[in-house]
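Data block below; observations after.
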Amino acid sequence: MSLPPVEQDAVFLNIPYDSEFERLYLAYIVGLNHLGFVPFIASSIPGGERRLDRILALIKRCRYSIHDLSRVELSFIPPATPRFNMPLELGMTITWAKQFPARHTFFLWESQQRRIQKSMSDLNGTDEYIHFGTVEGVLCELRNAFAHNTGPTVPSMLATYAVVLDKLDRILEDAGTRNLFAASVFRDLSFVALDAVRRLKRTRGR
Amino acid sequence: MQRPAHSTPTIDATEKRIRRLRVPRTRQNQLKSIMDEGWEKLEAICVPFEIDNAIQQHLLELGYQVSLDQIRQELNRPLIDILTKLREKSDTPLVQPTGPEREQDVSTAG
(Lines give C-alpha, C1' and ligand atoms only; values in the text may rest on other atoms or scores of the structure.)
Protein backbone atom coordinates (compact mmCIF):
# COMPACT_ATOMS: atom_id res chain seq x y z
CA MET A 1 0.00 0.00 0.00
CA SER A 2 1.46 3.35 -0.94
CA LEU A 3 0.90 6.02 1.68
CA PRO A 4 -0.06 9.59 0.81
CA PRO A 5 2.64 12.26 1.33
CA VAL A 6 2.51 14.02 4.70
CA GLU A 7 2.60 17.82 4.87
CA GLN A 8 4.96 18.44 7.77
CA ASP A 9 3.50 21.83 8.70
CA ALA A 10 -0.17 20.91 8.23
CA VAL A 11 -2.52 20.79 11.22
CA PHE A 12 -6.03 19.35 10.99
CA LEU A 13 -8.43 21.26 13.21
CA ASN A 14 -11.20 19.07 14.59
CA ILE A 15 -13.47 21.75 16.03
CA PRO A 16 -17.16 22.55 16.34
CA TYR A 17 -18.60 24.73 13.60
CA ASP A 18 -20.87 26.78 15.78
CA SER A 19 -21.27 30.44 16.56
CA GLU A 20 -20.14 30.10 20.20
CA PHE A 21 -16.81 28.76 18.99
CA GLU A 22 -16.04 31.49 16.40
CA ARG A 23 -13.61 33.45 18.57
CA LEU A 24 -11.58 30.38 19.47
CA TYR A 25 -11.64 29.25 15.82
CA LEU A 26 -10.18 32.61 14.81
CA ALA A 27 -7.57 32.29 17.56
CA TYR A 28 -6.52 28.86 16.21
CA ILE A 29 -6.11 30.28 12.68
CA VAL A 30 -4.10 33.29 13.86
CA GLY A 31 -1.98 31.31 16.32
CA LEU A 32 -1.09 28.40 14.04
CA ASN A 33 -0.15 30.70 11.17
CA HIS A 34 2.04 32.75 13.50
CA LEU A 35 3.77 29.60 14.68
CA GLY A 36 4.58 28.56 11.11
CA PHE A 37 1.90 25.90 10.70
CA VAL A 38 -0.94 25.60 8.20
CA PRO A 39 -4.38 24.92 9.65
CA PHE A 40 -6.98 22.89 7.77
CA ILE A 41 -10.65 22.33 8.51
CA ALA A 42 -12.89 19.77 6.85
CA SER A 43 -14.94 22.42 5.06
CA SER A 44 -11.80 23.96 3.53
CA ILE A 45 -11.24 20.90 1.34
CA PRO A 46 -12.98 21.04 -2.01
CA GLY A 47 -14.40 17.93 -3.61
CA GLY A 48 -17.57 15.99 -4.03
CA GLU A 49 -16.59 12.90 -2.06
CA ARG A 50 -18.37 11.84 1.07
CA ARG A 51 -17.56 14.13 4.00
CA LEU A 52 -16.06 11.31 6.08
CA ASP A 53 -13.74 10.30 3.21
CA ARG A 54 -12.57 13.89 2.85
CA ILE A 55 -11.89 14.11 6.58
CA LEU A 56 -9.93 10.85 6.58
CA ALA A 57 -7.87 12.00 3.60
CA LEU A 58 -7.16 15.26 5.43
CA ILE A 59 -6.06 13.48 8.62
CA LYS A 60 -3.66 11.35 6.57
CA ARG A 61 -2.24 14.43 4.85
CA CYS A 62 -1.66 16.44 8.03
CA ARG A 63 1.34 15.79 10.27
CA TYR A 64 -0.59 17.06 13.31
CA SER A 65 -4.15 17.40 14.49
CA ILE A 66 -5.89 19.35 17.22
CA HIS A 67 -9.07 17.90 18.67
CA ASP A 68 -10.93 20.53 20.65
CA LEU A 69 -13.45 18.65 22.76
CA SER A 70 -14.54 21.67 24.80
CA ARG A 71 -17.96 21.75 23.22
CA VAL A 72 -18.76 18.07 23.21
CA GLU A 73 -22.10 18.43 24.92
CA LEU A 74 -25.82 17.90 24.49
CA SER A 75 -27.33 19.93 21.68
CA PHE A 76 -30.21 22.13 22.84
CA ILE A 77 -32.22 21.46 19.69
CA PRO A 78 -34.69 18.63 20.40
CA PRO A 79 -34.20 15.75 20.56
CA ALA A 80 -31.29 16.43 22.94
CA THR A 81 -28.39 14.54 21.42
CA PRO A 82 -24.70 14.36 22.33
CA ARG A 83 -22.39 15.81 19.69
CA PHE A 84 -20.35 12.87 18.49
CA ASN A 85 -18.66 14.26 15.36
CA MET A 86 -15.55 15.44 17.13
CA PRO A 87 -15.01 12.24 19.18
CA LEU A 88 -15.64 10.24 15.99
CA GLU A 89 -12.93 12.15 14.11
CA LEU A 90 -10.64 11.83 17.12
CA GLY A 91 -11.16 8.05 17.05
CA MET A 92 -10.28 7.93 13.35
CA THR A 93 -7.15 9.98 14.06
CA ILE A 94 -6.04 7.82 16.98
CA THR A 95 -6.28 4.70 14.81
CA TRP A 96 -4.19 6.37 12.08
CA ALA A 97 -1.61 7.69 14.58
CA LYS A 98 -1.32 4.30 16.30
CA GLN A 99 -0.71 2.60 12.96
CA PHE A 100 1.78 5.21 11.74
CA PRO A 101 3.17 7.09 14.76
CA ALA A 102 5.93 8.73 12.72
CA ARG A 103 3.37 10.23 10.34
CA HIS A 104 0.87 11.74 12.76
CA THR A 105 0.71 13.35 16.20
CA PHE A 106 -2.57 14.40 17.76
CA PHE A 107 -3.31 16.88 20.54
CA LEU A 108 -6.31 16.96 22.84
CA TRP A 109 -7.78 20.31 23.82
CA GLU A 110 -10.37 21.13 26.44
CA SER A 111 -11.68 24.16 28.28
CA GLN A 112 -11.78 22.49 31.68
CA GLN A 113 -9.24 20.41 33.51
CA ARG A 114 -10.10 16.75 34.11
CA ARG A 115 -13.20 16.89 31.84
CA ILE A 116 -11.61 14.52 29.32
CA GLN A 117 -10.87 12.01 32.07
CA LYS A 118 -14.59 12.03 32.82
CA SER A 119 -15.91 11.98 29.25
CA MET A 120 -13.29 9.63 27.76
CA SER A 121 -11.45 7.82 30.52
CA ASP A 122 -9.74 5.55 27.97
CA LEU A 123 -7.62 8.57 27.04
CA ASN A 124 -6.14 8.85 30.53
CA GLY A 125 -2.41 9.43 30.32
CA THR A 126 -2.64 11.49 27.14
CA ASP A 127 -1.46 15.10 27.48
CA GLU A 128 -4.26 17.64 27.31
CA TYR A 129 -4.18 21.35 26.60
CA ILE A 130 -6.61 23.53 28.54
CA HIS A 131 -7.62 26.87 27.02
CA PHE A 132 -10.28 27.80 29.63
CA GLY A 133 -12.53 28.96 26.79
CA THR A 134 -10.45 32.07 26.13
CA VAL A 135 -8.63 33.40 23.08
CA GLU A 136 -5.55 34.04 25.17
CA GLY A 137 -5.77 30.47 26.50
CA VAL A 138 -5.80 29.03 22.96
CA LEU A 139 -2.78 31.13 21.91
CA CYS A 140 -0.88 30.31 25.08
CA GLU A 141 -1.50 26.55 24.73
CA LEU A 142 -0.61 26.62 21.01
CA ARG A 143 2.77 27.95 22.06
CA ASN A 144 3.08 25.17 24.62
CA ALA A 145 2.16 22.50 22.09
CA PHE A 146 3.93 23.73 18.98
CA ALA A 147 6.64 26.19 19.92
CA HIS A 148 9.72 26.25 21.97
CA ASN A 149 11.19 29.44 23.40
CA THR A 150 11.77 31.05 20.03
CA GLY A 151 8.15 31.22 18.88
CA PRO A 152 6.10 34.40 18.54
CA THR A 153 4.83 35.93 21.76
CA VAL A 154 1.20 35.74 22.87
CA PRO A 155 0.86 39.57 22.77
CA SER A 156 2.01 39.67 19.13
CA MET A 157 -0.56 37.01 18.24
CA LEU A 158 -3.21 38.87 20.24
CA ALA A 159 -2.47 42.04 18.26
CA THR A 160 -3.13 40.19 15.00
CA TYR A 161 -6.27 38.66 16.47
CA ALA A 162 -7.54 42.10 17.52
CA VAL A 163 -6.94 43.60 14.07
CA VAL A 164 -8.58 40.68 12.25
CA LEU A 165 -11.54 40.84 14.62
CA ASP A 166 -11.87 44.57 14.05
CA LYS A 167 -11.99 44.01 10.29
CA LEU A 168 -14.07 40.83 10.31
CA ASP A 169 -17.27 42.47 9.11
CA ARG A 170 -15.49 43.83 6.04
CA ILE A 171 -13.99 40.43 5.24
CA LEU A 172 -17.39 38.72 5.58
CA GLU A 173 -19.14 41.44 3.62
CA ASP A 174 -16.72 40.96 0.72
CA ALA A 175 -17.15 37.18 0.90
CA GLY A 176 -20.93 37.57 0.79
CA THR A 177 -21.55 35.34 3.79
CA ARG A 178 -21.87 35.53 7.58
CA ASN A 179 -20.40 32.07 8.01
CA LEU A 180 -16.85 32.16 9.36
CA PHE A 181 -16.39 28.48 8.60
CA ALA A 182 -17.13 28.81 4.87
CA ALA A 183 -14.19 27.70 2.72
CA SER A 184 -13.65 31.15 1.16
CA VAL A 185 -13.72 32.90 4.56
CA PHE A 186 -11.36 30.34 6.06
CA ARG A 187 -8.95 31.03 3.19
CA ASP A 188 -9.26 34.81 3.64
CA LEU A 189 -8.67 34.52 7.39
CA SER A 190 -5.61 32.33 6.79
CA PHE A 191 -4.32 34.90 4.31
CA VAL A 192 -4.72 37.87 6.66
CA ALA A 193 -3.06 35.90 9.47
CA LEU A 194 -0.10 35.11 7.21
CA ASP A 195 0.00 38.71 6.01
CA ALA A 196 0.33 39.72 9.68
CA VAL A 197 3.28 37.34 10.05
CA ARG A 198 4.85 38.95 6.99
CA ARG A 199 4.32 42.44 8.44
CA LEU A 200 5.81 41.35 11.75
CA LYS A 201 8.90 40.01 9.97
CA ARG A 202 9.34 43.23 8.03
CA THR A 203 9.00 45.33 11.19
CA ARG A 204 11.61 43.21 12.96
CA GLY A 205 13.88 43.37 9.95
CA ARG A 206 13.95 47.17 9.93
CA MET B 1 4.05 12.20 22.99
CA GLN B 2 6.33 13.42 20.24
CA ARG B 3 6.54 17.22 20.12
CA PRO B 4 6.57 19.12 16.85
CA ALA B 5 9.87 20.64 15.86
CA HIS B 6 9.10 24.33 15.68
CA SER B 7 11.09 26.66 13.52
CA THR B 8 10.39 30.38 13.29
CA PRO B 9 9.00 30.92 9.79
CA THR B 10 11.23 32.85 7.46
CA ILE B 11 9.88 35.30 4.90
CA ASP B 12 10.33 32.66 2.24
CA ALA B 13 8.35 30.06 4.16
CA THR B 14 5.61 32.59 4.78
CA GLU B 15 5.47 33.56 1.11
CA LYS B 16 5.29 29.88 0.20
CA ARG B 17 2.36 29.38 2.53
CA ILE B 18 0.60 32.41 1.07
CA ARG B 19 1.04 30.95 -2.42
CA ARG B 20 -0.34 27.60 -1.23
CA LEU B 21 -3.56 29.33 -0.19
CA ARG B 22 -4.18 30.25 -3.83
CA VAL B 23 -5.96 33.49 -3.00
CA PRO B 24 -6.43 35.41 -6.26
CA ARG B 25 -4.15 38.45 -6.56
CA THR B 26 -7.07 40.91 -6.62
CA ARG B 27 -8.51 39.44 -3.42
CA GLN B 28 -5.04 39.54 -1.81
CA ASN B 29 -4.86 43.25 -2.56
CA GLN B 30 -8.36 43.84 -1.17
CA LEU B 31 -7.51 41.98 2.03
CA LYS B 32 -4.18 43.77 2.39
CA SER B 33 -5.92 47.11 2.07
CA ILE B 34 -8.53 46.13 4.70
CA MET B 35 -5.75 45.00 7.04
CA ASP B 36 -3.72 48.17 6.39
CA GLU B 37 -6.59 50.13 7.91
CA GLY B 38 -6.72 47.75 10.87
CA TRP B 39 -3.00 47.94 11.60
CA GLU B 40 -2.97 51.73 11.30
CA LYS B 41 -5.85 51.91 13.76
CA LEU B 42 -4.07 49.56 16.15
CA GLU B 43 -0.87 51.60 16.00
CA ALA B 44 -2.85 54.77 16.61
CA ILE B 45 -4.57 53.44 19.70
CA CYS B 46 -1.72 51.40 21.13
CA VAL B 47 -0.09 54.53 22.48
CA PRO B 48 -3.13 55.65 24.51
CA PHE B 49 -3.68 52.02 25.53
CA GLU B 50 -0.17 51.84 26.93
CA ILE B 51 -0.25 55.23 28.61
CA ASP B 52 -3.65 54.95 30.25
CA ASN B 53 -1.86 54.37 33.55
CA ALA B 54 0.00 57.62 33.04
CA ILE B 55 -3.26 59.44 32.25
CA GLN B 56 -4.79 58.04 35.44
CA GLN B 57 -1.80 59.19 37.46
CA HIS B 58 -1.94 62.65 35.92
CA LEU B 59 -5.66 63.00 36.65
CA LEU B 60 -5.03 61.85 40.22
CA GLU B 61 -2.43 64.60 40.62
CA LEU B 62 -5.06 67.06 39.40
CA GLY B 63 -7.44 65.75 42.05
CA TYR B 64 -9.64 63.51 39.87
CA GLN B 65 -10.08 59.86 40.71
CA VAL B 66 -10.82 58.09 37.45
CA SER B 67 -10.68 54.34 36.87
CA LEU B 68 -8.76 52.81 33.98
CA ASP B 69 -12.06 51.52 32.60
CA GLN B 70 -13.44 55.07 32.55
CA ILE B 71 -10.36 56.30 30.70
CA ARG B 72 -10.69 53.51 28.14
CA GLN B 73 -14.39 54.29 27.74
CA GLU B 74 -13.54 57.92 27.13
CA LEU B 75 -11.17 56.87 24.36
CA ASN B 76 -14.21 55.10 22.94
CA ARG B 77 -12.57 52.97 20.30
CA PRO B 78 -13.77 49.44 19.59
CA LEU B 79 -10.28 47.99 19.29
CA ILE B 80 -9.56 48.96 22.86
CA ASP B 81 -12.61 46.99 23.90
CA ILE B 82 -11.31 44.03 21.98
CA LEU B 83 -7.89 44.32 23.56
CA THR B 84 -9.29 44.60 27.07
CA LYS B 85 -11.83 41.83 26.60
CA LEU B 86 -9.41 39.35 25.05
CA ARG B 87 -8.59 37.88 28.40
CA GLU B 88 -12.20 37.22 29.28
CA LYS B 89 -14.03 34.00 28.49
CA SER B 90 -15.85 34.68 25.28
CA ASP B 91 -18.28 32.30 23.70
CA THR B 92 -20.64 34.89 22.28
CA PRO B 93 -21.04 34.72 18.50
CA LEU B 94 -18.87 37.06 16.48
CA VAL B 95 -21.51 37.63 13.84
CA GLN B 96 -25.25 37.68 14.07
CA PRO B 97 -27.29 35.65 11.60
CA THR B 98 -28.93 37.80 8.94
CA GLY B 99 -31.15 35.30 7.21
CA PRO B 100 -31.74 31.69 6.25
CA GLU B 101 -28.21 31.41 4.78
CA ARG B 102 -26.79 30.99 8.28
CA GLU B 103 -28.63 27.73 8.88
CA GLN B 104 -27.60 26.37 5.53
CA ASP B 105 -23.94 27.26 5.97
CA VAL B 106 -23.22 26.15 9.49
CA SER B 107 -23.25 22.51 10.41
CA THR B 108 -23.52 21.64 14.06
CA ALA B 109 -20.10 20.12 14.56
CA GLY B 110 -16.70 19.78 12.99
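Being touching a Cys at 6+ places or on another chain (Cβ under 6 Å) and in contact (Cβ under 8 Å) with a residue 12 or more places away in the chain is the requirement here; does A:Val135 meet it? The answer is no for A:Val135. Quick check, is A:Ile59 among the hydrophobic types (A, V, I, L, M, F, W, C), farther than 23 Å from A:Asn179 by Cα and touching a residue at least 12 places away in the same chain (Cβ under 8 Å)? Yes: the conditions hold for A:Ile59. Of all residues in segment A:166-206, those satisfying the criterion of being among the basic types (Lys, Arg) and not in a helix (DSSP H, G or I) are A:Lys167, A:Arg178, A:Arg206. For segment B:11-18, the condition holds for at least one residue, the condition being that it is of a type in the set (Ser, Thr, Tyr), at pLDDT 60 or above and within 25 Å of A:Gly151 (Cβ to Cβ).
Condition test on A:Pro101, is it surrounded by 14 or more Cβ atoms within 10 Å (Cβ to Cβ), facing chain B (nearest Cβ under 10 Å), in a loop (DSSP other than H, G, I, E, B) and more than 15 Å from the chain's Cα centre (by Cα)? It is false that A:Pro101 is surrounded by 14 or more Cβ atoms within 10 Å (Cβ to Cβ), facing chain B (nearest Cβ under 10 Å), in a loop (DSSP other than H, G, I, E, B) and more than 15 Å from the chain's Cα centre (by Cα).
If we keep just the residues of segment A:113-130 that are under 18 Å from A:Leu142 (Cβ atoms) and open to solvent by 20 Å² or more (accessible area, probe 1.4 Å), which is farthest from the other protein chains (Cβ to nearest Cβ)? Ranking the qualifying residues of segment A:113-130, first place goes to A:Gln113. Within segment A:7-56, being touching a residue at least 40 places away in the same chain (Cβ under 8 Å) and charged (D, E, K, R) holds for A:Glu7, A:Asp9, A:Asp18, A:Glu20, A:Glu22, A:Arg23. In summary, A:Thr105 fulfils each of the numbered conditions (1) touching a residue at least 40 places away in the same chain (Cβ under 8 Å); (2) among the hydroxyl-bearing types (Ser, Thr, Tyr); (3) farther than 21 Å from A:Phe37 by Cα with the single exception of condition (3).
Yes or no, residue by residue, for (1) of a type in the set (Val, Ile, Thr); (2) open to solvent by 10 Å² or more (accessible area, probe 1.4 Å); (3) part of a helix (DSSP H, G or I):
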residue: A:Leu139; (1), (2), (3): no, no, yes
residue: A:Asn144; (1), (2), (3): no, yes, yes
residue: A:Met157; (1), (2), (3): no, no, yes
residue: A:Thr160; (1), (2), (3): yes, no, yes
residue: A:Val164; (1), (2), (3): yes, no, yes
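Can A:Ala196 be described as facing another protein chain (nearest Cβ under 8 Å), modelled with pLDDT under 95 and touching a Phe, Trp or Tyr at 6+ places or on another chain (Cβ under 7 Å)? Judged against the criteria, A:Ala196 is not a match.
The values are calculated or read from the model by the stated rules, or taken from the named source; none is laboratory data. Worth saying up front: this structure is predicted, and the values here are computed from it rather than measured. All Cβ positions, glycine included, derive from the backbone under ideal geometry; neighbour counts span all protein chains shown. Protein only, heavy atoms only, side chains kept; ligands, DNA and RNA dropped before computing areas. Shrake-Rupley method; radii C 1.70, N 1.55, O 1.52, S 1.80 Å.
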